[in-house]
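**Q** Below: one structure in structure tokens.
The values are calculated or read from the model by the stated rules, or taken from the named source; none is laboratory data. This structure is a prediction, so every number in the text was calculated from the model and none was measured. Positions of Cβ are generated from backbone atoms using ideal geometry, with glycine treated the same way; all protein chains shown enter the neighbour counts.
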Amino acid sequence: MKLLGLRTSIYRVSDIEKAKKWYSEFLGFEPYFDEPFYVGYNVAGYELGLQPEENETAEKGDSVITYWGIENVEEAYQKLLELGATSHETPQEVGGGIIVATVKDPWDNIFGVIYNPHF
């Protein structure tokens, strides 16, 4: 077996129509796949998916965080906050010029952004 790399990161949401509007606003484009059971965005060859939550009372943990590459973390972080996200981790350099930040989207999913000058 050989891993081929990351393909998809899925965020579960209680209102897929509102989430589609919110993520489209942040990303700056509409999804390529749009059905009531799944909404998919092609983000530079990687899939950002939205899926309706089956159990809206389920607690969402922070044990796994997906970071999406970005040129300007502070700018992206501020835009996410303006769209209604809440701060999870403010922008910070973590070494080697790598800058990260995380927010919680309106559905309490952790959404990370990263600038990595080595990629």
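**Q** Every residue in the range 58-77 that is over 14 Å from E25 (Cβ atoms) and surrounded by 12 or more Cβ atoms within 10 Å (Cβ to Cβ), please.
**A** K60, I65, T66, Y67, W68, G69, I70, N72, V73, E74, E75, Y77
**Q** State which residue is surrounded by the most Cβ atoms within 10 Å (Cβ to Cβ) when the search covers only the range 86-119 and only residues that are closer than 22 Å to N42 by Cβ and not β-branched (V, I, T).
**A** By that ranking, first place goes to F111.
**Q** Continuing with this model, one more query. Among residues belonging to the range 18-41 that are aliphatic (A, V, I, L, M) and without any contact (Cβ under 8 Å) to a residue 24 or more places away in the chain, point out the one that is farthest from L83 (Cα to Cα).
**A** It comes out as V39.
**Q** What do you reckon, is D15 more than 20 Å from T102 (Cα to Cα) and either of a type in the set (A, V, I, L, M) or in contact (Cβ under 8 Å) with a residue 40 or more places away in the chain (or both)?
**A** yes
**Q** Being buried (at least 18 other Cβ atoms within 10 Å of the Cβ) and under 23 Å from F119 (Cβ atoms), is that true of even one residue in the range 45-57?
**A** Yes: one or more hits.
**Q** Any idea which of (1) more than 15 Å from G112 (Cβ to Cβ); (2) surrounded by 11 or more Cβ atoms within 10 Å (Cβ to Cβ); (3) in contact (Cβ under 8 Å) with a residue 24 or more places away in the chain; (4) of a type outside the set (V, I, T) is the one R7 doesn't satisfy?
**A** So the condition that R7 fails would be (2).
**Q** Contact list please: Cβ distance under 7 Å, first residue in the range 52-67 and farther than 15 Å from E89 by Cβ, second residue outside any strand (DSSP E or B) and at pLDDT below 75, pairs at least six apart or on different chains.
**A** From residues that are farther than 15 Å from E89 by Cβ, there are no pairs.
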